[in-house]
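Take a look at the structure below.
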Amino acid sequence: MPDVVSDLHSIGELARASGLTVSALRFYDSAGVLTPALVDPVTGYRWYTDAQIGPARLVAGLRRVGMPVPDIAAAVRAEPAEVHRLLDAHLRRLADGLADARREITRLRTIVDPAPAVVTTLLLSPAEFAAALDAVRFAVGVDPELPALSGVLLDVEPDAVRLVATDRHRLALARAGAAVDGPPARVLVPVDLVDRLRRLLDTDDGPVRLTVAGPELRVMAAGRTLTGVALPYDFPDYRRLLREAVGARPAAYRIPVDVGALRAALRDPAAPTLAREYAGTPLAVSVLGLDEAGGLRLLHPAELPTAGTDARSADDADGGLRFGVNGEYLLDALDAAGGPQLVLELDGPIAPLAVRRPDDEDTFSVLMPIRL
């Protein structure tokens with residue numbers, strides 16, 4: 001033992017060489033991140049090799065920038081390219097966290113020293129506003145743990161209002177033209193107020209007047225007045241979500257679909273589905289693929305690659321695509337988009353699916369894929 005230990009470093013020596021504390025080294029040993037080369041069976045002393053000094057210094061640096069322990073563990077064992085990817089992903093998390101913190105601090109300043117409410121008034125067509133609400137309502141979140149997703153965001157632009165809703169699994173956007181008097185505004189409208197408002201829009205009794213004064217909302221439509229208060233939460237940055245989900249480049253697959261035929265296929269009790277589980281709940285996954293003419297069809301589970309088969313090779317063999325999606329969510333998106341013809345845009349089996357109207361680039365929804 002003495003001859004072996006003489007070539008190793010004690011935990012105190014590694015702590016001094018790496019910048020980690022002794023207690024931190026013990027923690028990373030117990031977490032399986034940086035295990036000693038040797039543990040004395042009698043004394044329990046930990047011993048480390050020269051080759052472990054570099055990884056220990058890497059762990060110390062990643063710890064200082066707040067990287068999560070699972071990512072630290074991955075970085076210690078990864079090739080340089082993968083470490084750079086982990087660092088880039090962590091930088092994005094830090095940037096997003098800083099942006100969230102800035103928004104929260106701004107909100108706290110208004111609580112400490114509230115400024116007079118700025119008023120913005122919109123005049124909207126009842127029919128256009130109703131269509132926009134119908135296009136996004138299905139994507140409103142219902143998870144009580146995520147109250148920031150339990151409403152419809154109204155993002156007021158100089159000549160329109162953009163409506164956005166998401167429950168993390170799907171994202172829906174629409175736009176309604178408006179005569180706007182006042183500065184741009186963003187308000188998260190509670191879903192109960194959205195539903196009460198929607199019921200007033202079926203009669204064309206002149207324009208809808210929507211007034212936003214800070215968190216206070218007032219809607220005049222069909223001879224009635226509704227009032228409410230915006231939800232006090234920060235809605236996710238949907239523009240960033242869109243960049244990540246859809247991107248700026250054209251989709252690899254842009255498939256026109258007959259809505260009636262696809263809806264009937266999805267609702268057919270005999271429709272083929274793939275059994276999966278999400279959060280402990282059984283989930284029937286519909287698998288979309290291409291027919292010989294490049295059109296959309298539902299695939300049977302037997303057509304999917306078996307274990308050990310490269311799915312990409314299978315796709316290349318028939319020029320097709322295999323995309324797993326929650327069939328009920330897709331039905332909701334088809335119903336919300338309306339119209340007999342829609343376009344589905346995909347980039348592959350792990351990229352989101354966009355459901356678009358062929359004549360309206362501002363109204364569409366995005367569905368997250370389900371791994372097959």
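All of the numbers you see were taken from the coordinates with simple rules; none came from a lab. Only a predicted model underlies this, so the values are computations on that prediction, with no experimental measurement involved. For neighbour counting, all protein chains shown are included, and Cβ atoms are generated from backbone atoms with ideal geometry for every residue, glycine included.
Around the amide H of A185, modelled in the peptide plane, lie the amide H atoms of V156, all under 5 Å away and 5 or more residues distant in sequence or on another chain. Placing unit charges on the Cβ atoms only, positive for Lys and Arg and negative for Asp and Glu, gives region 88-197 a dipole magnitude near 220 debye about its Cα centre. Working note: Karplus 6.51/-1.76/1.60 with θ = phi - 60° gives region 268-277 the couplings 4, x, 8, 4, x, 9, 10, 7, 9, 9 Hz, where Gly and Pro are set to x.
Roughly how many whole Å is it from the C-alpha centroid of region 246-292 to that of region 162-204? Answer, in whole Å: 27. Taken one residue at a time, the phi angles of region 250-262 give Karplus couplings (6.51, -1.76, 1.60, θ = phi - 60°) of x, 5, 5, 10, 10, 10, x, 10, 7, 4, x, 5, 5 Hz. Gly and Pro are set to x. Near the amide H of L201, within less than 5 Å, lie no amide hydrogens of residues on another chain or at least 5 residues away, with H placed in the peptide plane. Excluding L25 itself, calculate the net charge of residues whose Cβ lies under 13 Å from the Cβ of L25, where each Lys or Arg counts +1 and each Asp or Glu counts -1. My count for the surroundings of L25 gives +3. Whole-Hz Karplus values for region 104-109 come out as 5, 5, 4, 5, 5, 4 Hz, taken residue by residue from phi with 6.51 cos²θ - 1.76 cosθ + 1.60 and θ = phi - 60°; glycine and proline positions read x. If a/c stays under 1.5 just call it rounded; otherwise compare a/b with b/c (prolate if a/b is bigger, oblate if not). Do that for region 2-77, with a ≥ b ≥ c from the square roots of the Cα gyration tensor eigenvalues. Prolate. Shape class for the chain, computed from the alpha carbon gyration tensor (a ≥ b ≥ c): oblate, with a/c not under 1.5 and a/b at or below b/c. Taking all Cα pairs closer than 8 Å and separated by 6 or more residues, the relative contact order of the chain comes to 12 percent. Packing order of peptides 118-128, 221-231, highest average first: 118-128, 221-231 (average count of other Cβ atoms within 10 Å over each peptide's residues).
I want the local charge near P158. Using Cβ-Cβ distances under 14 Å, sum +1 for each Lys or Arg and -1 for each Asp or Glu among the other residues. Around P158, the surrounding residues sum to -1.
The helix-only estimate of mean residue ellipticity at 222 nm for the chain, built from DSSP H runs of length n ≥ 4 each weighted as -39500 (n - 2.57), is -10500 deg cm²/dmol after division by the residue total.
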